[in-house]
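Enquirer: For reference, the structure I am asking about is given below.
Each reported figure results from applying straightforward, stated rules to the coordinates on display, with no laboratory input. For clarity, every value in this text was computed on a predicted model and none was experimentally measured. Cβ sites come from the backbone with ideal geometry, for glycine too, and all protein chains shown count toward neighbours.
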Amino acid sequence: MIREISVKGLRSPELLVASVLNKMKDGLLVIDTDGEHQIKPIKDIASKMNYKVEVENNTVKIHVGKIEASKSINVVGATCPGPIIMVSDILEKMEVGELLEIIASKNALTDLTEGLKGIGHEILSVEELEDGNYKILVKKGEKKEEGPASVNIDEVFIINTTGTGNAERAYSTFMMADIAQKMKLKPTIFLMLDGASLAQKGECDKVKHPVFPKLSELVKGVLNSGVKIYVCELSAEFRGINQKNLEEGFEIAGAPTFFNYLSKPNVRPVWL
């Protein structure tokens, strides 16, 4: 059971939330709020009732109990773009509002969550399992209808395809990310083809510009500032890069994540 309510405009939103929670035996309560001043008391009341709480932007999700999915699929072991294709095939046959439970490996997690959100579905929850895989609960949404719109560019998607083979471009990748942040633009880095070599543990430590610090120090600074660095799954596999020798802070992703960023109207791609 999924119940959705809005507490916008309420001075004491936690009172309504508590009343609804007391009547729910299981499922998920999704609450639309005005922002942090409403979110905090809602989180407090849910915590007192020992319920798990998730916050995404101005939406609060409270897990009251187990949610029964209409269908389930296990895509562990499938490589990019297999997981998103398998999941999309099932969702295509489901009704809007129905729930799909997905069991996936860490490698496919970002692709599935980003890719499915990008095409209009809602990620209700992500839970790490004891075996290191993940359980994703998805609510089928309506297909997005694109219309003419005027948008501001506030993100940059920096794509590196040359890696350590071109030290100058390697430095530019992370320096551009730093400059973008200073210009109030949100940067995301995607390493593909030879660019994936930058993701191997210790690789950036081998690169030193005559004037600047080691590349690895620049990378650490970018990661510490919150920049996401994705590595193409197929490019990583081709070069023997996996979770064991992946540089800390880097995340393996694939085609769905890549195209989701490219399809955002507020994102400007930068190829290196």
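Enquirer: Output the relative contact order of segment 150-231, whole-number percent, from Cα pairs under 8 angstrom with separation of 6+ residues.
Expert: 33 percent.
Enquirer: In whole Hz, what ³J(HN,Hα) sequence does segment 118-129 give by Karplus (6.51, -1.76, 1.60; θ = phi - 60°), x for Gly and Pro?
Expert: So the Karplus estimates, Gly and Pro as x, are x, 9, x, 8, 10, 8, 7, 7, 10, 10, 7, 8 Hz.
Enquirer: Also: Which three semi-axes in whole Å describe the equivalent ellipsoid of segment 71-139, each the square root of 5 times a Cα gyration tensor eigenvalue, listed largest first?
Expert: Equivalent ellipsoid semi-axes, largest first: 17, 13, 11 Å.
Enquirer: If I take every Cα pair under 8 Å that is 6 or more residues apart in the chain, average their sequence separation and divide by the length, what percent do I get for the relative contact order?
Expert: 15
Enquirer: Ok, one more. Between the helical axis of 167-182 and the dominant principal axis of the chain, each derived from Cα atoms, what acute angle in degrees is found, rounded to the nearest 10?
Expert: 40
Enquirer: Here's another thing I want to ask about it. Ignoring everything except DSSP H segments at least 4 long, calculate the 222 nm mean residue ellipticity for the chain; use -39,500 (n - 2.57) per segment, divide by total residues, nearest 500.
Expert: -10000 deg cm²/dmol
Enquirer: Skipping prolines and chain starts, which residues have an amide H placed within reach, meaning under 5 Å, of the one on ARG268, given they are 5 or more residues away or on another chain?
Expert: Amide H neighbours of ARG268, under 5 Å, 5+ apart: GLU155, VAL156, PHE157.
Enquirer: Sorting THR257, THR113, THR59 on the 10 Å Cβ count, fewest up front, what's the list?
Expert: Going from sparsest to densest Cβ surroundings: THR59, THR113, THR257.
Enquirer: Which of (1) 18.7; (2) 16.5; (3) 20.7 is the computed mean projected area of the Cα convex hull in nm² for the structure on display?
Expert: Answer by label: (2).
Enquirer: Moving on to the next point. Quick check for you: which residues of segment 156-174 have the amide N under 17 Å from the point 7 Å beyond the Cα of LYS208 toward its beta carbon?
Expert: Residues passing the 17 Å test: 167-168, 171.
Enquirer: Sorting SER88, SER12 on the 10 Å Cβ count, fewest up front, what's the list?
Expert: If I rank by nearby Cβ atoms, fewest first, I get SER12, SER88.
Enquirer: If amide hydrogens are placed 1.01 Å from N in the peptide plane, which non-local residues have theirs closer than 5 Å to the one on ASN74?
Expert: ILE103
Enquirer: Give me the distance in nm between label points sitting 7 Å out from Cα along the Cα-to-Cβ direction at ASP26 and ASP131, one decimal.
Expert: 2.2
Enquirer: Would you mind telling me the antiparallel percentage of the DSSP bridges in the chain, rounded to 5?
Expert: The antiparallel fraction comes to roughly 45 percent.
Enquirer: Summing +1 for each Lys or Arg and -1 for each Asp or Glu, what net charge is found among the other residues whose Cβ lies under 10 Å from the Cβ of VAL156?
Expert: 0
Enquirer: Longer than 30 Å from Cα to Cα, which of LYS93/LYS186; LYS8/LYS52; LYS140/LYS220; LYS8/LYS220; LYS106/LYS206; LYS40/LYS184 are they? Say none if no pair is.
Expert: LYS93/LYS186; LYS140/LYS220; LYS8/LYS220
Enquirer: Turning to a different aspect of this structure: List every residue whose amide H lies under 5 Å from the amide H of ILE2, counting only residues 5 or more places away in sequence or on a different chain, with H placed 1.01 Å from N in the peptide plane.
Expert: Here the answer is LEU28, since their amide H atoms fall under 5 Å of that of ILE2.
Enquirer: To test your reading of the geometry: what angle, between 0 and 90 degrees and rounded to tens, separates the Cα axis of helix 215-224 from the longest principal axis of the chain?
Expert: It works out to around 10 degrees.
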